[in-house]
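Colleague: One structure, as structure tokens, below. Some questions next.
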Amino acid sequence: MAKKTVKKTESTDVEKQAKKTGQKKVLLPLGAKFSFFVGLLLVVIMIIVTVYIYNWAGDALEKEVKEKGIAIAKNIANNTADPLLKNDDLPLVILTKEAVQSPMTKEVADTGLLNGIIGVIKNDLLGLKEAAEIKNEGILGAVIVKSNGMIISADNVKLIGTQYELPEGAKPVKPGLDVFVQDYTQKGLGYIDIYVPVATVLNGEKYTIGEVHLTIARSVVTKVVTGAVVKIGLIILTVLFVGIIVSIMLVNFMVRPIGYLVKGVRAIGEGNYDVEIKSKSNDELGLLTDIFNDTAKSLKEKELLKGAFSRYVSSEVMNEVLNDPTKLSLHGKRVRATMLFTDIRGFTAMSETMQPEEVVAVINEYLTVQTDKVFKWKGVLDKFVGDCVMAVYGVPMPKDDDSYRAVRTAMDIRESVDKLNVIRKRVGQITVGLGIGVNTGDVVSGNMGSPQKMDYTVIGDNVNLAARLEANAPAGRVYVSESTYLETKDRIEYKELDAIMVKGKKEPVRVFDPIKVIESEKKQVQI
């Protein structure tokens with residue numbers, strides 16, 4: 001019953017705390033968190049790899065495109081000098097026409113990153129558009145300009161005969177350069193301009209008679225790199241998806257023992273110590289499972305020991321020993337306590353006329369009544385010595401009303417034994433009487449005995465006096481010493497009896513018989 005009460009109190013405290021804070025704890029499974037972080041790690045790795053590939057491939061392809069453009073521009077320049085000097089336009093037109101992309105498509109000039117991704121998905125992955133063979137892909141324009149700035153040949157015939165103008169965003173070419181490559185942006189799109197001079201040699205002197213300009217769309221680089229990145233990205237996404245699925249399966253397999261441990265701990269919290277978790281894993285979780293099983297077994301043994309221990313000592317002594325086993329030492333301390341002794345009168349004569357089993361049955365019935373009253377008034381049932389009972393009040397934890405509770409115990413025992421005798425006499429069973437003695441004073445309290453066998457008890461002259469009072473008390477009478485009387489006279493009404501001589505005392509000992517509890521005290525006492 002005590003265990004259930006504690007659990008209910010703890011549960012109530014938790015509920016009150018939850019209501020007070022207004023918070024509800026959300027359980028996030030360990031497997032879900034582990035899978036999330038694994039997925040996040042894979043995503044980060046995918047992004048880093050994709051960015052690296054995009055930059056590296058873009059730089060490499062841009063270098064290749066520029067080198068190809070320079071080679072084409074130089075080829076045009078090398079074949080332009082003679083026709084230019086002879087004003088032969090036809091070879092020049094052929095050179096510019098052959099240099100640009102064929103066939104020319106709009107997407108080469110207009111495509112962006114998003115359009116490039118869409119194009120890769122449509123053309124390469126879904127096969128919605130047949131791939132066409134493209135010549136000089138990315139070269140959008142080629143012009144040959146005379147030294148006076150007039151366009152002599154161009155892929156766009158409308159430009160022939162017009163004055164050449166640098167594209168918007170491009171810088172003027174510095175004189176004396178053999179090749180000049182520059183990037184520029186026009187209407188939000190990126191382009192590359194390649195300049196190569198047209199030179200000839202006359203009378204041993206080199207003269208520049210014109211220049212070649214090629215216009216290359218940067219989208220040709222973006223398109224190829226985007227295609228490669230999209231394909232790699234899809235591969236990484238597939239690996240990511242498979243990795244997350246595998247990680248979830250792996251995590252569930254790994255954390256399954258943790259789920260069993262959670263259920264096991266919850267079962268122990270509910271008082272079920274028979275739980276046992278089976279685990280075949282040869283790792284830290286397996287070791288933790290073995291430790292848990294050993295702990296559950298130890299708790300079960302401790303609970304069984306506690307139940308058995310409670311039959312021999314009071315709950316106060318039991319809890320003190322269980323909470324601090326170091327107190328099981330062979331030493332004592334001086335305390336003020338109240339001792340109560342009871343003894344069955346005529347036990348020897350009764351045992352001579354009855355069978356041993358009958359004697360034990362009678363004694364147990366009367367001892368049960370006395371034990372109930374000792375525990376009712378929170379006394380320490382020190383020991384049974386045959387038909388004698390010894391109880392102590394004030395150890396191991398003293399209280400202000402130890403002597404009062406001892407006297408109340410004696411009064412309750414006397415009243416209960418009288419009622420039991422009436423019932424037994426009515427059915428023709430043997431009855432007995434009890435003599436009771438109570439005394440208060442300083443005693444030595446602690447574990448007495450040897451390391452192999454101990455007895456938690458009290459010793460001293462005041463213990464002996466309580467035993468002497470019980471030995472002199474006739475059946476049905478309670479002998480209370482003067483020290484106990486002085487501590488309880490305001491709460492209990494007494495009748496002083498004739499002083500008696502007891503062994504070990506030179507002077508007569510005053511004794512008092514408790515008659516009744518004062519009315520005001522009856523209302524105050526709560527057990």
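Colleague: Does Lys495 count as basic (Lys, Arg) and part of a loop (DSSP other than H, G, I, E, B)?
Modeller: Details: basic (Lys, Arg): yes; part of a loop (DSSP other than H, G, I, E, B): no.
So Lys495 does not fit the description; no.
Colleague: Give region 258-267 a look and list any residue that's over 15 Å from Asp290 (Cα atoms) and of a type in the set (A, V, I, L, M, F, W, C), or say none.
Modeller: Of everything in region 258-267, just one residue is over 15 Å from Asp290 (Cα atoms) and of a type in the set (A, V, I, L, M, F, W, C), namely Ala267.
Colleague: Val362 - would you say it is β-branched (Val, Ile, Thr), in contact (Cβ under 8 Å) with a residue 60 or more places away in the chain and in a strand (DSSP E or B)? Talk me through it step by step, then tell me what you get.
Modeller: Working: β-branched (Val, Ile, Thr): yes; in contact (Cβ under 8 Å) with a residue 60 or more places away in the chain: yes; in a strand (DSSP E or B): no.
Considered against the rule, which asks whether it is β-branched (Val, Ile, Thr), in contact (Cβ under 8 Å) with a residue 60 or more places away in the chain and in a strand (DSSP E or B), Val362 comes out as no.
Colleague: Please determine, by comparing only the residues of region 392-446 that are of a type in the set (Asp, Glu) and in contact with a strand residue (DSSP E or B) (Cβ under 6 Å, 6 or more places away or on another chain), which one is farthest from Glu487 (Cα to Cα). Steps first, answer last, please.
Modeller: Step one: of region 392-446, the residues of a type in the set (Asp, Glu) are 400-402, 412, 415, 418, 442.
Right, trim to in contact with a strand residue (DSSP E or B) (Cβ under 6 Å, 6 or more places away or on another chain) and you get 402, 442.
Working: Asp402: 10, Asp442: 14 Å.
Among them, the one singled out is Asp442.
Colleague: Something else: Quickly run through region 51-82 and pick out the residues that are of a type outside the set (Val, Ile, Thr), surrounded by fewer than 16 Cβ atoms within 10 Å (Cβ to Cβ) and within 59 Å of the chain's Cα centre (by Cα).
Modeller: Tyr52, Asn55, Trp56, Asp59, Ala60, Lys63, Glu64
Colleague: Additional query: Could you check Val369 against (1) under 24 Å from Asp513 (Cβ atoms); (2) of a type outside the set (Gly, Ala, Ser); (3) without any contact (Cβ under 8 Å) to a residue 12 or more places away in the chain and say which number it fails?
Modeller: The number of the failed condition is (3).
Colleague: Quick check on region 171-209: of everything there that is under 60 Å from the mean Cα position of the chain (by Cα) and of a type in the set (Phe, Trp, Tyr), which residue is surrounded by the fewest Cβ atoms within 10 Å (Cβ to Cβ)?
Modeller: Among them, the one singled out is Tyr184.
Colleague: Exactly one of (1) exposed (fewer than 13 other Cβ atoms within 10 Å of the Cβ); (2) assigned to a helix (DSSP H, G or I) is unmet by Gly271. Its number?
Modeller: Answer for Gly271: the failing condition is (2).
Colleague: Counting residues that are modelled with pLDDT under 65 and touching a Cys at 6+ places or on another chain (Cβ under 6 Å), which helices (runs of 4 or more DSSP H) fully inside region 54-143 reach at least 2? I'd like the intermediate steps shown before the answer.
Modeller: Values: elements: 81-85, 89-99, 106-110, 113-120.
Answer list for region 54-143: none.
Colleague: Anything in region 490-527 that is modelled with pLDDT of 90 or more and of a type in the set (Lys, Arg)? List them, or say none.
Modeller: Correct list: Arg491, Lys495, Arg510, Lys516.
Colleague: Quickly run through region 223-252 and pick out the residues that are crowded, with 16+ Cβ neighbours inside 10 Å, aliphatic (A, V, I, L, M) and under 16 Å from Val44 (Cα atoms).
Modeller: Listed by number, the residues that qualify are Val229, Ile232, Ile236, Leu240, Ile244.
Colleague: In the set Val517, Val443, Val509, Val480, which member is touching an Asp or Glu at 6+ places or on another chain (Cβ under 8 Å), within 25 Å of Pro396 (Cβ to Cβ) and among the β-branched types (Val, Ile, Thr)?
Modeller: On the way: Val517 fails: within 25 Å of Pro396 (Cβ to Cβ); Val443 fails: touching an Asp or Glu at 6+ places or on another chain (Cβ under 8 Å); Val509 fails: within 25 Å of Pro396 (Cβ to Cβ).
Answer to the selection: Val480.
Colleague: Regarding region 375-386, can at least one residue be identified that is part of a helix (DSSP H, G or I), crowded, with 18+ Cβ neighbours inside 10 Å, among the charged types (D, E, K, R) and under 48 Å from the mean Cα position of the chain (by Cα)?
Modeller: As a first pass, look at region 375-386 and keep what is part of a helix (DSSP H, G or I): 375-376.
From what is left, the residues that are crowded, with 18+ Cβ neighbours inside 10 Å are none.
The answer is no, given that none of the residues of region 375-386 is part of a helix (DSSP H, G or I), crowded, with 18+ Cβ neighbours inside 10 Å, among the charged types (D, E, K, R) and under 48 Å from the mean Cα position of the chain (by Cα).
Colleague: Okay, next question. Report, by residue number, each residue of region 224-276 that is closer than 25 Å to Ser35 by Cα and in contact with a Gly (Cβ under 6 Å, 6 or more places away or on another chain).
Modeller: Those that are closer than 25 Å to Ser35 by Cα and in contact with a Gly (Cβ under 6 Å, 6 or more places away or on another chain): Ile244, Val251, Asn252, Val255.
The values are calculated or read from the model by the stated rules, or taken from the named source; none is laboratory data. The model shown is predicted, which means the values in this text are computed figures rather than measured ones. Please note: Cβ atoms are built from the backbone with ideal geometry, for glycine as well, and neighbour counts cover all protein chains shown.
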